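The values are calculated or read from the model by the stated rules, or taken from the named source; none is laboratory data. Bear in mind that the values here come from a model prediction, so they are computed numbers and not experimental data. We place every Cβ from the backbone using ideal geometry, glycine too, and count neighbours over all the protein chains shown.
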């Protein structure tokens, strides 16, 4: 057994194939020599994926990024990274190499990344594949905030509800009194608040969690293999983070909040059923005073009319 492990280590450290493993918080826990060389990572270093990308981008090394705004690109990419069990994509490095990379995610949220050098592929074929990848990303991303859109979120909920799926919790999040923000501060300020909210919530997510905007000031958080009690604790932390935000420099005292409704989700449920229950729980949170959470199945703090009548 020890001989086998020794041979595996030797193969990993001598192969030109890049191999790495990230934990469920997206922190690098293993990388072979080829991976560390390509992304300039010291042997004893254990950065997060975001830290690797940020510092290499600043030094113009590692992955080539053409996005106009790096932080917008990072948020958009993180909103989809590791949310499906397997994906393959292509990327190029500043040293001229072109890589085919695969990401495999375990039920526990760990990710195995394996990349092979495909630089010898014809450049015109490479351009076609790049265009395809960009189109796929655009189809899954909310234009304003950069997080996942309704289409991507719905697919992740369906994964959670599928036979043999993990089940979990679905949360509907809605900014409080957002109409008044637009009316009093203007729509550009409202857009800035939406982007700030998306970034702050996304910073609290685990690997398997998926967060996206489904329209207006309403967002959905998908928490696989999570009880409604655990979901409530997660969102309590998010409430605290958002309460501290001051996203409008021209109005340094401006603050905002959100409300959330939580519903359990499992095999046999449908997206529309789970969403409706979470939306009704959200309405109960709004009626109870906003800036809080309500869990489906708990006694309503007020007699609530249908969610369609909900105010911000």
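Is it the case that residue 4 is without any contact (Cβ under 8 Å) to a residue 12 or more places away in the chain, over 22 Å from the mean Cα position of the chain (by Cα), farther than 30 Å from residue 148 by Cα and surrounded by 12 or more Cβ atoms within 10 Å (Cβ to Cβ)?
Working: without any contact (Cβ under 8 Å) to a residue 12 or more places away in the chain: yes; over 22 Å from the mean Cα position of the chain (by Cα): yes; farther than 30 Å from residue 148 by Cα: yes; surrounded by 12 or more Cβ atoms within 10 Å (Cβ to Cβ): no.
Here the answer is no, as residue 4 does not meet what is asked.
What single numbered condition from (1) at pLDDT 95 or above; (2) out of contact with any strand residue (DSSP E or B) (no Cβ under 9 Å at 6 or more places or on another chain); (3) not in a loop (DSSP other than H, G, I, E, B) fails to hold for residue 125?
Looking at each condition in turn, residue 125 falls short on (1).
Restricted to the range 202-214, and to residues that are within 13 Å of residue 152 (Cα to Cα) and more than 8 Å from the chain's Cα centre (by Cα), which residue is surrounded by the fewest Cβ atoms within 10 Å (Cβ to Cβ)? I'd like the intermediate steps shown before the answer.
To start, the set of residues in the range 202-214 that are within 13 Å of residue 152 (Cα to Cα) comprises 209-214.
Right, trim to more than 8 Å from the chain's Cα centre (by Cα) and you get 213-214.
Numbers: 213: 25, 214: 17.
Among residues in the range 202-214 that are within 13 Å of residue 152 (Cα to Cα) and more than 8 Å from the chain's Cα centre (by Cα), the one surrounded by the fewest Cβ atoms within 10 Å (Cβ to Cβ) is 214.
Run down 161, 170 and say which single residue is touching a helix residue (DSSP H, G or I) at 6+ places or on another chain (Cβ under 6 Å), surrounded by 20 or more Cβ atoms within 10 Å (Cβ to Cβ) and either within 20 Å of residue 206 (Cβ to Cβ) or at pLDDT below 95 (or both).
Working: 161 fails: touching a helix residue (DSSP H, G or I) at 6+ places or on another chain (Cβ under 6 Å).
So the residue among 161, 170 that is touching a helix residue (DSSP H, G or I) at 6+ places or on another chain (Cβ under 6 Å), surrounded by 20 or more Cβ atoms within 10 Å (Cβ to Cβ) and either within 20 Å of residue 206 (Cβ to Cβ) or at pLDDT below 95 (or both) is 170.
Give 206, 156, 132, 246 a once-over and let me know the one that is at pLDDT below 95 and part of a loop (DSSP other than H, G, I, E, B).
On the way: 156 fails: part of a loop (DSSP other than H, G, I, E, B); 132 fails: part of a loop (DSSP other than H, G, I, E, B); 246 fails: at pLDDT below 95.
Answer to the check: 206.
Report those helices (runs of 4 or more DSSP H) wholly inside the range 10-116 carrying at least 3 residues which are under 30 Å from residue 150 (Cβ atoms) and touching a helix residue (DSSP H, G or I) at 6+ places or on another chain (Cβ under 7 Å). Full working, then the answer.
Details: elements: 33-39, 49-58, 70-78.
In the range 10-116, the matching helices (runs of 4 or more DSSP H) lie at 49-58, 70-78.
Could you identify the single residue in 261, 297 that is modelled with pLDDT under 95 and either crowded, with 18+ Cβ neighbours inside 10 Å or assigned to a loop (DSSP other than H, G, I, E, B) (or both)?
297
Considering every residue within the range 59-77, establish whether at least one is closer than 19 Å to residue 166 by Cβ and in the same structural domain as residue 27 (by TED's automatic domain parsing). It would help to see each step written out before you state the result.
We begin by selecting, within the range 59-77, every residue closer than 19 Å to residue 166 by Cβ; these are none.
Scanning the range 59-77 turns up no residue that is closer than 19 Å to residue 166 by Cβ and in the same structural domain as residue 27 (by TED's automatic domain parsing).
Yes or no, residue by residue, for (1) over 14 Å from residue 113 (Cα atoms); (2) surrounded by fewer than 15 Cβ atoms within 10 Å (Cβ to Cβ):
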residue: 8; (1), (2): yes, yes
residue: 15; (1), (2): yes, yes
residue: 24; (1), (2): no, no
residue: 33; (1), (2): no, no
residue: 44; (1), (2): yes, yes
residue: 49; (1), (2): no, no
residue: 55; (1), (2): yes, no
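Is it the case, given these coordinates, that residue 195 is at pLDDT 95 or above, assigned to a helix (DSSP H, G or I), surrounded by fewer than 22 Cβ atoms within 10 Å (Cβ to Cβ) and touching a helix residue (DSSP H, G or I) at 6+ places or on another chain (Cβ under 9 Å)?
Details: at pLDDT 95 or above: yes; assigned to a helix (DSSP H, G or I): yes; surrounded by fewer than 22 Cβ atoms within 10 Å (Cβ to Cβ): yes; touching a helix residue (DSSP H, G or I) at 6+ places or on another chain (Cβ under 9 Å): yes.
It is true that residue 195 is at pLDDT 95 or above, assigned to a helix (DSSP H, G or I), surrounded by fewer than 22 Cβ atoms within 10 Å (Cβ to Cβ) and touching a helix residue (DSSP H, G or I) at 6+ places or on another chain (Cβ under 9 Å).
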